[in-house]
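Here the structure is laid out as structure tokens; the discussion comes afterwards.
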Amino acid sequence: MRRLALAACLATLPTIGFALSPLVDIAALIQDRDWQLLAIDGAVVDQGFTASLRVDAEGAISGMAPCNSYGAQNTGDLPDFKPGPIRATRRACDRLADEQVFFDTLSIMESAAIDGIQNLILTGPDGRSMEFVQDRTDRQPACKTCTAD
């Protein structure tokens, strides 16, 4: 009965003339935050495999891979995630193989989503995924894409 009364009251209010925004603005949740790599293709990367991701409001993608800093342009509008060519510095280190896996996987991602409070999940073809979190150093965050061994 209360719902019916509330609906009747709302129906009598004048129309203000603006469109309701979506409940969740995915771009606002992703952009201008530093995301730390947690997992690739459902497997948590070891603590030595450090990489980050940042997407700004203009679509610029940047971050650190295990050895080098990198940049690209998101050619889609979030939640579409379509990185253009990835440019990276050329420092050598003992994690270059991990870095290549990171770049190869990042380059094929197609969409972005937020799962829970702090997990950014990028997905690509054939079930490929990358999962990032806000802070990996505080404690081991829960991996949302990981499969049980």
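Worth a mention:
- Proximity of backbone amide H atoms, modeled 1.01 Å from N, is registered between SER111 and PHE81, THR123 at under 5 Å, excluding neighbours fewer than 5 places apart on the same chain.
- The Cβ shell under 12 Å around ARG33 holds other residues with a net charge of -3, Lys and Arg each +1, Asp and Glu each -1.
- Counting only Cα atoms, segment 22-133 measures 45, 27, 25 Å along its principal axes, largest extent leading.
We did not get these values from a lab; they are worked out from the coordinates using the rules stated. Quick caveat: nothing in here was measured; it's all calculated off a predicted structure. All Cβ positions, glycine included, derive from the backbone under ideal geometry; neighbour counts span all protein chains shown.
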